1. If exposed means no more than 13 neighbouring beta carbons inside 10 Å and the site is in a DSSP loop, what's the longest run of the chain without any exposed trypsin sites (Lys or Arg not before Pro)?
2. Would you mind telling me the antiparallel percentage of the DSSP bridges in segment 2-103, rounded to 5?
3. Which one, (1) 24, 16, 12; (2) 50, 17, 11; (3) 21, 14, 14, gives semi-axes √(5λ) of the Cα gyration tensor in Å as derived from the coordinates shown?
4. Starting from segment 25-106, pick out the GluC sites (Glu not before Pro) whose DSSP state is loop and whose Cβ has at most 16 other Cβ atoms within 10 Å.
5. Over the chain, what is the relative contact order in percent, taking alpha-carbon pairs closer than 8 angstrom and at least six residues apart?
6. What's the magnitude of the charge dipole for the chain around its Cα centre, counting Lys and Arg as +1 and Asp and Glu as -1 at the beta-carbon? Answer in Debye, nearest 20.
7. Between ASP22 and VAL45, what's the calculated FRET efficiency when r is the beta-carbon distance and R0 is 41 Å? Round to 0.05.
Amino acid sequence: MEFLISRGWEVEAHRFRLGRHDLDLVVRRDDLIAFVEVKTRRSSVCGTAAESVGALKRRILGRVATLWRVRHGRVGDRYRFDVVAVRDLGGGRFQVEQVEDAWRMEGSAC
């Protein structure tokens with residue numbers, strides 16, 4: 001959250017839930033809403049953090065995002081899905097990267 005706040009985002013929701021599924025973060029900058037999945041990795045041997053969000057997870061996040069939009073969205077809001085990739089470099093050091101507009105939902109305003 002600190003990383004996104006330092007980049008001008010306001011946190012709208014943290015762990016917004018639909019049943020057992022949740023959005024890690026919902027953040028806003030003006031009329032842009034980003035539904036954010038946070039992934040942490042120690043290495044990229046099994047792929048990058050962004051690559052670890054597969055098709056099933058994207059569909060689930062899309063359903064939860066739709067519920068958030070119905071309950072909290074504002075007229076004129078724009079939506080996208082981001083991934084915040086945290087790489088654990090060891091020794092208490094981390095590298096954080098925001099992958100903006102990481103994917104789009106087919107047939108959706110997101």
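Every number here is computed from the coordinates shown, using simple stated rules; none is lab data. Not measured: the values here are computed from a predicted model. All Cβ positions, even for glycine, are placed from backbone atoms using ideal geometry, and neighbour counts span all protein chains on display.
1. Details: sites that count: ARG7, ARG20, ARG42, ARG74.
Maximal segment without exposed cleavage sites: 75-110.
2. Values: 20 of 30 bridges.
About 65 percent, rounded to the nearest 5.
3. Answer label, from the structure shown: (1).
4. Numbers: sites: GLU37, GLU51, GLU97, GLU100, GLU106; in loops: GLU106.
Sites meeting the loop and neighbour criteria: GLU106.
5. Details: 181 pairs, mean separation 26.9, N = 110.
The value is 24 percent.
6. On the way: 21 positive and 16 negative charges, 79 e Å.
About 380 debye.
7. Numbers: r = 27 Å, r/R0 = 0.66.
According to the calculation, E is roughly 0.90.
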